[in-house]
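*Asks:* The structure under discussion is supplied below as structure tokens; questions concerning it will follow.
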Amino acid sequence: MIIAHVGLAIVALGVLGAGVWRTETVQRMQRGDVIRAGAYEARLVDVVEATGPNFVAENAVFAIEKNGKPVREMKAERR
């Protein structure tokens, strides 16, 4: 019985810890704006509309750089 209570306490601490050290930033951006996260920078290149058979979406294209050097292009979608 004690083992079950200890296990439950460990799970509760894990769930609590996962939420405490997480950060989220919501930011309104325009083309050319840059956001920074550590050594990385994400520059908003373009926003394009995409349509499918049953949805309309906005795709944001970001240029990702690390220490000033291009890493890759990333796309985010909002439906």
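*Asks:* Within the stretch 8-25, can one find any residue that is of a type in the set (Val, Ile, Thr) and under 15 Å from the mean Cα position of the chain (by Cα)?
*Replies:* From the stretch 8-25, those of a type in the set (Val, Ile, Thr) are 10-11, 15, 20, 23, 25; that's our starting set.
From what's left, under 15 Å from the mean Cα position of the chain (by Cα): 23, 25.
Yes, there is a match, as at least one residue in the stretch 8-25 is of a type in the set (Val, Ile, Thr) and under 15 Å from the mean Cα position of the chain (by Cα).
*Asks:* Moving on. Looking only at the stretch 36-74, how many residues end up being exposed (fewer than 12 other Cβ atoms within 10 Å of the Cβ) and closer than 23 Å to Glu24 by Cβ?
*Replies:* The number of residues fulfilling the criteria is 6.
*Asks:* Any chance you could count how many residues in the stretch 14-35 are modelled with pLDDT of 80 or more and surrounded by 10 or more Cβ atoms within 10 Å (Cβ to Cβ)?
*Replies:* Number satisfying all stated conditions: 5.
*Asks:* Still on this model: In the stretch 34-57, what residues are assigned to a strand (DSSP E or B) and under 16 Å from the mean Cα position of the chain (by Cα)? Write out each step before concluding.
*Replies:* To start, the set of residues in the stretch 34-57 that are assigned to a strand (DSSP E or B) comprises 34-37, 40-51, 56-57.
Listed by number, the residues that qualify are Val34, Ile35, Arg36, Ala37, Tyr40, Glu41, Ala42, Arg43, Leu44.
*Asks:* Just checking, which of Val56, Val34, Val6, Val48 is within 26 Å of Arg79 (Cα to Cα) and without any contact (Cβ under 8 Å) to a residue 12 or more places away in the chain? Spell out the reasoning first.
*Replies:* Values: Val56 fails: without any contact (Cβ under 8 Å) to a residue 12 or more places away in the chain; Val6 fails: within 26 Å of Arg79 (Cα to Cα); Val48 fails: without any contact (Cβ under 8 Å) to a residue 12 or more places away in the chain.
On inspection, the qualifying residue turns out to be Val34.
The values are calculated or read from the model by the stated rules, or taken from the named source; none is laboratory data. Treat the numbers as computed from the prediction; the structure is a model and nothing was measured. Neighbour counts are summed over all protein chains in view; Cβ atoms, including those assigned to glycine, are modelled from backbone coordinates with ideal geometry.
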